[in-house]
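The structure appears right after this line, and notes come after that.
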Amino acid sequence: MQTTGNTMTLTEARHEASTVFLAKVFNWMAIGLGLTGVVAWFVASSGLVVKLQPFFMFIMIAELGLVFFLSARINKIEAATATGLFIGYAALNGVTMSMIFLIYTSSSIAATFMITAGMFGAMAVYGLVTKRDLSGMGSFLFMGLIGIIIASVVNIFLQSSSLYWAISLIGVFVFVGLTAYDVQKIKTMGEKGIMEQGEEAIKKGAIMGALALYLDFINLFLMLLRFFGGSRD
């Protein structure tokens, strides 16, 4: 009985640590999404979007650079630097996201955001509660993501509407799957003792987890917007 009691105590401790870590991750994700939304709305409503449009390609390259740098150097940079890079990325992404206000109506953007939040929330809960090991999905989903990127580049030249919709549909499934996969992976990080590795490791782990979920949400939103977004034309 004593052994069982100790086992339960350890299990409860791991669960509590995982819950605390997940809360930190989701808090940073929410901060990132909120910042992106505010910046996007301000840039669009102030008219800056038209003035900045010629520089969007450079801004997008800068965004990619930030993501790659943060992912590659997370173990060597300080937590404060990682946090600053995440905040900077979310702000820059808000600038490029401001374009959607010129393409789609505000009501359809808001409706699509709510649909995205519902789908994301459902898959996040699934990732948390499922007993199934989703780690095997990772390579499959990554291959799907690479396929989407390649097909999107090809379609810049082909301008095929059929390929466009196929990419969008596949993209929805890929990012829905990635949401569940990433949430389970983050939960596992919490259970395996990241909370015992010191404040610096916790902060950096939370930022990287938040970045993964932020990207899942944003990309799912953009894919769904292709289906539910009402054009201003």
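The values are calculated or read from the model by the stated rules, or taken from the named source; none is laboratory data. Remember, predicted model here, so these are calculated numbers, not experimental data. Glycine gets a Cβ as well: all are built from the backbone with ideal geometry, and neighbour counts include every protein chain shown.
Quick one: in the stretch 105-115, of everything that is closer than 12 Å to Ala40 by Cβ and not small (Gly, Ala, Ser), which residue is surrounded by the most Cβ atoms within 10 Å (Cβ to Cβ)? Please lay out each step first, then the result.
In the first step, residues of the stretch 105-115 are kept if they are closer than 12 Å to Ala40 by Cβ; the result is 106, 109, 113.
If we keep only those that are not small (Gly, Ala, Ser) too, we end up with 109, 113.
On the way: Ile109: 21, Phe113: 17.
Selected residue: Ile109.
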ask   = Which members of the stretch 60-84 meet the condition of being surrounded by 14 or more Cβ atoms within 10 Å (Cβ to Cβ), touching a residue at least 24 places away in the same chain (Cβ under 8 Å) and not in a loop (DSSP other than H, G, I, E, B)?
value = Met60, Ala62, Glu63, Leu66, Val67, Leu70, Ala79, Ala82, Thr83
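Quick check on this structure: which one of Val25, Val43, Val49 is of a type outside the set (S, T, N, Q), farther than 28 Å from Arg232 by Cα, touching a helix residue (DSSP H, G or I) at 6+ places or on another chain (Cβ under 7 Å) and part of a helix (DSSP H, G or I)?
On the way: Val43 fails: farther than 28 Å from Arg232 by Cα; Val49 fails: farther than 28 Å from Arg232 by Cα.
Unique residue meeting the criteria: Val25.
Could you pull out the residue among Val95, Val38 that is surrounded by 18 or more Cβ atoms within 10 Å (Cβ to Cβ) and either in contact (Cβ under 8 Å) with a residue 12 or more places away in the chain or within 25 Å of Lys187 (Cβ to Cβ) (or both)?
Details: Val38 fails: surrounded by 18 or more Cβ atoms within 10 Å (Cβ to Cβ).
Being surrounded by 18 or more Cβ atoms within 10 Å (Cβ to Cβ) and either in contact (Cβ under 8 Å) with a residue 12 or more places away in the chain or within 25 Å of Lys187 (Cβ to Cβ) (or both) holds for just one of Val95, Val38, which is Val95.
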query = From the list Thr81, Thr11, which one is modelled with pLDDT of 95 or more and either farther than 26 Å from Ala124 by Cα or more than 14 Å from the chain's Cα centre (by Cα) (or both)?
reply = Thr81
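Are any residues in the stretch 182-211 under 12 Å from the mean Cα position of the chain (by Cα) and of a type outside the set (Gly, Ala, Ser), and if so, which ones? Steps first, answer last, please.
Step one: list which residues in the stretch 182-211 are under 12 Å from the mean Cα position of the chain (by Cα), which gives 182-183, 207-211.
Within the stretch 182-211, Asp182, Val183, Ile207, Met208, Leu211 meet the criteria.
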